[in-house]
Amino acid sequence: MRIVCIGGGPAGLYFALLMKKFHPEHSIAVVERNRPYDTFGWGVVFSDATMVSMHAWDPQSAVEIEDAFNHWDDIELLFKGTRQRTSGHGFVGIGRKKLLNILQRRCEALGVELVFETDSDGDTDYPDADLIIASDGFNSRIRNRYPEVFEPDLAVRPNRYIWLGTNKLFDAFTFDFRKTDHGWFQAHIYKFDENTSTFIVETTEEAYEKHDLGQMDQQGSIDFCQGLFSEVLEGAELMTNARHLRGSAWLNFNRLICGKWSHFNGNSHVVLMGDAAHTAHFAIGSGTKLAIDDAIELTNQFNRLGHTKEAIPQVLKTYEDIRRIDVARIQNAARNAMEWFEVVGERYADTLEPPQFMYSMLTRSQRISHENLRLRDPVWLEGYERWFAEKNGIEVQGNGRTLPPMFTPYSLRGTHLPNRIVMSPMAMYSAKDGLLDDFHLVHLGSRALGGAGLVFAEMTCVSPDARITPGCLGLWNDEQAMSWKRFVDFVHANSEAKVGIQLGHAGRKGATKLAWEGIDQPLETGAWPLISASALPYLKNSQVPKAMDRADMDRVKADHVRAAKYATEAGADWLELHCAHGYLLSSFLSPLTNVRTDDYGGSHENRARYPLEVFTAIREVWPGDKPISVRLSCHDWADGGNTPEDAAIFAKMFKHAGADLIDCSSGQVSKEEKPVYGRLFQTPFSDKIRNEIGIPTIAVGAISEADQANSIIAAGRADLCAVARPHLADPAWVLHEAAKIGLTSIAWPKQYLSGKTQYETGLARAAAAPPPVGPTIDAR
Ligand SMILES: Cc1cc2nc3c(=O)[nH]c(=O)nc-3n(C[C@H](O)[C@H](O)[C@H](O)COP(=O)(O)OP(=O)(O)OC[C@H]3O[C@@H](n4cnc5c(N)ncnc54)[C@H](O)[C@@H]3O)c2cc1C
Ligand SMILES: Cc1cc2nc3c(=O)[nH]c(=O)nc-3n(C[C@H](O)[C@H](O)[C@H](O)COP(=O)(O)O)c2cc1C
């Protein structure tokens, strides 16, 4: 085969090297426009894990690269006059020139043809090649020639950055945050050889413009950065090696995803690799790793499927299928980290105290969790847990284990929760005439015994026609209030848990079948008339609701007030107003379900007017020493619907109306929704609302382990975590999660104590057992 790699960056060189090493019979060339020792940029960082796989694939180059590495374990943060440091993070830095030179030499030794100072026009320059590797970087000419094939999706990110260097040497990966009159600037600094450190400065477009950085030449920008970061530079100078760039040299990061990675151009197969195929923001330093991993995987597929011309299409397909998954995972983490830096100024730097800011920064990609930080640097993590516990009123004594964040108590108004885990409201469709009966007592009671700090019953409907299904709970008569009281008394007598009631009205999603008989499907018999913000049915076959008039609004408001009074009589500890998931109050908030032209439709103020009216009315009758939270759909996940920005506007309005907390859910407003599910997928909404609006929040959605809840609460992304489905699988989810992280100080119900010891011993024994012996895995 004849293989030509166009572009001699890490991707092209490493693939050529590996392919020639394993299959020397093929002719392999790398064509590069620069000279061998020319390159722009400074150092790049790898994680230790990347080195492990490079060792497995080509020990010769790995040893040389490792010798040239600057290895460091520490991350240091300079912030608001404090200097904080943590260890165990395992990075290596290497000069880009050095890396490329090692790869170039290894290519030459193996017999790869290196062609420098040749600016290729692209794939058509080499019609005799069987395979062309488009390793020509982010601006790939080859990819741009076939946009309809590769379907590049480019997003220009809002922040500006400038890539500089300095001769001051730093012994930790250092972040320095500085506030100016026009906003925050951050420097990402790491040493990559014995003389030089990379020094990337980043800021928002707004700060960039207000400081006139766009009008300055490179020297002007360097002088500005040198002045701003003079303390950390201690007299050292900043330098550029991008004099070839015209203008100011402040760039925007471009995020690239491609729909397809390979193509047959009539003569040769063409495949994208490295930055030509995808980019990952420097906030997690993974661009070079991705390029190297691409090269490894393509070689791996040739080794597996055959290194013949005939095998090429299958090899390219499998390469793309496999790499796509890993690339998406890294791009996802890089996006989280990048977005953290994009909003860091007002959202975190202005609001969080230095220790929590440090924690938030370390977990910015959401790939590093609480327990992962404990593995990296137990001393630092334990110090942070102590700080968090003390901030939350816990006296930390001696050397005993500090309570992890999710187990710290939480107080709002006069209500005191023993921990930060909420059993999220979940409809059970098992009530008769809205009555809370023995099923609910056992179901909810066992979750209270199981350790949740706050137990929500399902959406509790404020009138018979407010129900979703005939099986929904209600609170509109004395008998129901009495049954609630029995349950509340049980929980108070037998656990430390508190009881929450979520008041709601189904609106246009009412009068439907029980979930297991056809979720959202209209009742065939016994349906009641529906009301909503506008006369729009939920499904095509749903009943068309009546658009509420003022009399309807007054009646439904009075129903909420009556239910809140009953909740008071029942002795419940917490109320939640359900303004999410497309039910009645949510139907006012979303432009997809509210097309009114009166005072209750149109602007945010108008759409929120009726939900706020209901909120204010229940706040007046609900005891002043008990909290009310509001559940919002923070994203409609549909064109034209509410976004997290809209949710933040509504959260601010509820805050001003006296809401104590926003419960940040999403979706279920429109059947057109396209939610993006994943681990902790709604936590970013909670993070945004808590830290931008300054109101406590509940995070919910795909939180399934203590480690995740601890990370969310410790980082200040939420005050409480609501856990729904895991509580269906395990009523004692909280007690079990405590045991799984080795926390034995959490009290179990006294009746269950002998089960506690046995459970904990079983876990300890399983953890101590040697791992099962499996087949050895050959890295190649
Ligand atoms: C500010 C910043 C910081 C970064 N920090 C890190 C980091 O810490 N860690 C990390 O892993 N990554 C980092 N990266 C990303 C990293 O530099 C890239 O992801 C990586 O270099 C991609 O390798 P590549 O081989 O795909 O492309 P490139 O390295 O861009 O190589 C492409 C090569 O193709 C050549 N070329 C292009 N067109 C032609 C043509 N028509 N003819 C001939 N030759 C051509 C170019 O000259 C270039 O040498 C950073 C990037 C930026 C912008
Ligand atoms: C069976 C079931 C019933 C639910 N009923 C309600 C409800 O009555 N009110 C509500 O606000 N959310 C309801 N939800 C949503 C949950 O409260 C929670 O937001 C969602 O399940 C995501 O959390 P999880 O990933 O921990 O399950 C329900 C979820 C399930 C699984």
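The values are calculated or read from the model by the stated rules, or taken from the named source; none is laboratory data. Only a predicted model underlies this, so the values are computations on that prediction, with no experimental measurement involved. When we count neighbours, we look across all protein chains shown, and the Cβ atoms used for this are built from the backbone with ideal geometry, even at glycine.
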Original post:
Considering only residues of the stretch 104-161 that are assigned to a helix (DSSP H, G or I) and in contact with a Cys (Cβ under 9 Å, 6 or more places away or on another chain), which is farthest from ligand 2 (Cβ to nearest atom)?
Top reply: 143
Subject >> Residue among 585, 632 that is outside any helix (DSSP H, G or I) and in the same structural domain as residue 483 (by TED's automatic domain parsing) >> reply: 632
Original post:
Listed residues 650, 615; which is in contact (Cβ under 8 Å) with a residue 60 or more places away in the chain and in contact with a Cys (Cβ under 9 Å, 6 or more places away or on another chain)?
Top reply: 650
**OP:** Inspect the stretch 717-734 for any residue being away from ligand 2 (no atom under 14 Å from the Cβ), in contact with a strand residue (DSSP E or B) (Cβ under 7 Å, 6 or more places away or on another chain), basic (Lys, Arg) and at pLDDT 95 or above and give the result as yes or no.
**Re:** yes
Subject >> the stretch 587-610 - residue that is out of contact with any Gly (no Cβ under 7 Å at 6 or more places or on another chain) and surrounded by 21 or more Cβ atoms within 10 Å (Cβ to Cβ) and, of those, nearest to residue 666 (Cα to Cα) >> reply: 589
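For (1) in contact (Cβ under 8 Å) with a residue 12 or more places away in the chain; (2) under 17 Å from residue 467 (Cβ atoms); (3) hydrophobic (A, V, I, L, M, F, W, C), each residue gets a yes or a no:
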site: 543; (1), (2), (3): yes, yes, no
site: 571; (1), (2), (3): yes, no, no
site: 584; (1), (2), (3): yes, yes, yes
site: 602; (1), (2), (3): no, no, no
Subject >> Candidates 264, 302, filtered to the one that is crowded, with 22+ Cβ neighbours inside 10 Å, under 27 Å from residue 134 (Cβ atoms) and more than 25 Å from the chain's Cα centre (by Cα) >> reply: 302
**OP:** Go through the stretch 269-321 and give me each residue that's more than 8 Å from ligand 1 (Cβ to nearest atom), among the hydroxyl-bearing types (Ser, Thr, Tyr) and farther than 23 Å from residue 107 by Cα.
**Re:** 318
**OP:** Just give me the residues in the stretch 630-651 being surrounded by fewer than 24 Cβ atoms within 10 Å (Cβ to Cβ) and more than 17 Å from residue 610 (Cβ to Cβ), in sequence order.
**Re:** 637, 638, 639, 640, 641, 643, 644, 645, 648
**OP:** Return yes or no: is residue 441 farther than 20 Å from residue 723 by Cβ and either within 16 Å of ligand 1 (Cβ to nearest atom) or of a type outside the set (Gly, Ala, Ser) (or both)?
**Re:** yes
**OP:** Among the residues of the stretch 77-95, count how many are closer than 18 Å to residue 345 by Cα and buried (at least 20 other Cβ atoms within 10 Å of the Cβ).
**Re:** 3
Subject >> strands (runs of 3 or more DSSP E) completely within the stretch 365-476 that count 2 or more residues being closer than 20 Å to residue 714 by Cα >> reply: 410-412, 415-417, 421-423
Original post:
In the stretch 177-206, how many are away from ligand 1 (no atom under 16 Å from the Cβ) and part of a strand (DSSP E or B)?
Top reply: 6
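Rundown of residues vs (1) within 12 Å of ligand 1 (Cβ to nearest atom); (2) over 27 Å from residue 191 (Cα atoms); (3) surrounded by 23 or more Cβ atoms within 10 Å (Cβ to Cβ), yes/no style:
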residue: 18; (1), (2), (3): no, yes, yes
residue: 25; (1), (2), (3): no, yes, no
residue: 42; (1), (2), (3): yes, no, yes
residue: 47; (1), (2), (3): yes, no, no
residue: 53; (1), (2), (3): no, no, no
residue: 58; (1), (2), (3): no, no, no
Original post:
When you look at residue 592, is it more than 16 Å from ligand 1 (Cβ to nearest atom), among the hydrophobic types (A, V, I, L, M, F, W, C) and either over 18 Å from residue 643 (Cα atoms) or outside any loop (DSSP other than H, G, I, E, B) (or both), yes or no?
Top reply: no
Original post:
Name the residues in the stretch 254-268 that are away from ligand 1 (no atom under 12 Å from the Cβ) and not charged (D, E, K, R), would you?
Top reply: 257, 258, 259, 261, 262, 263, 264, 265, 266, 267, 268
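Table: residues versus (1) surrounded by 15 or more Cβ atoms within 10 Å (Cβ to Cβ); (2) over 21 Å from residue 728 (Cβ atoms); (3) more than 35 Å from the chain's Cα centre (by Cα).
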position: 450; (1), (2), (3): yes, no, no
position: 492; (1), (2), (3): yes, yes, yes
position: 510; (1), (2), (3): yes, yes, no
position: 526; (1), (2), (3): no, yes, yes
